[in-house]
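Q: Can you keep this structure in mind? I'll have questions shortly.
The values are calculated or read from the model by the stated rules, or taken from the named source; none is laboratory data. Because the structure is a prediction, the values reported are computed rather than measured. Quick reminder, even Gly has a Cβ in these numbers, built from the backbone with ideal geometry, and neighbours come from all protein chains shown.
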Amino acid sequence: MKVSNMTNEQLDHWVAKAQGWKYRDLSNPLWLGEMPNGGIEASDYSPTTNWEQCGELIEKYQIGLIVPETHWVAELFKTGKPKVYAEAQNPRTAICRAVVASVFGEEVSE
């Protein structure tokens, strides 16, 4: 699947995987991973809709945003690779796509 087509819960899932988190489903979706506040679990992880969670990605991956006339572009600087760009109709989706693309490339296998 192309990262540029990902949205919503599917994109949230891949953002968590990009950070190395492990998925546990115990009647509710639950991600286990290192949280910025020192905790180790995050249920309800949805950076595509939650600005606080998305903001943590901006800081962690040093992401800049560009606002052209028709869409948002996220530019990821902290990868050790050439710059990664992703675009979307809203900034949160562009940021999340950039994170996933920086780890997995432009396509992921289901």
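Q: Could you grab the pairs with beta carbons closer than 6 Å, sequence gap of 6+ or different chains, first residue in the range 57-68 and surrounded by 12 or more Cβ atoms within 10 Å (Cβ to Cβ), second one outside any helix (DSSP H, G or I) and of a type in the set (G, A, S)?
A: Correct list of pairs: I63/A74; L65/A74.
Q: Quick test of your reading of the structure: A94 fulfils all but one of (1) at pLDDT 90 or above; (2) within 14 Å of K17 (Cβ to Cβ); (3) touching a Phe, Trp or Tyr at 6+ places or on another chain (Cβ under 6 Å). Name the failing condition by number.
A: (2)
Q: Just give me the residues in the range 69-79 being within 16 Å of Q19 (Cβ to Cβ) and surrounded by fewer than 20 Cβ atoms within 10 Å (Cβ to Cβ), in sequence order.
A: K78, T79
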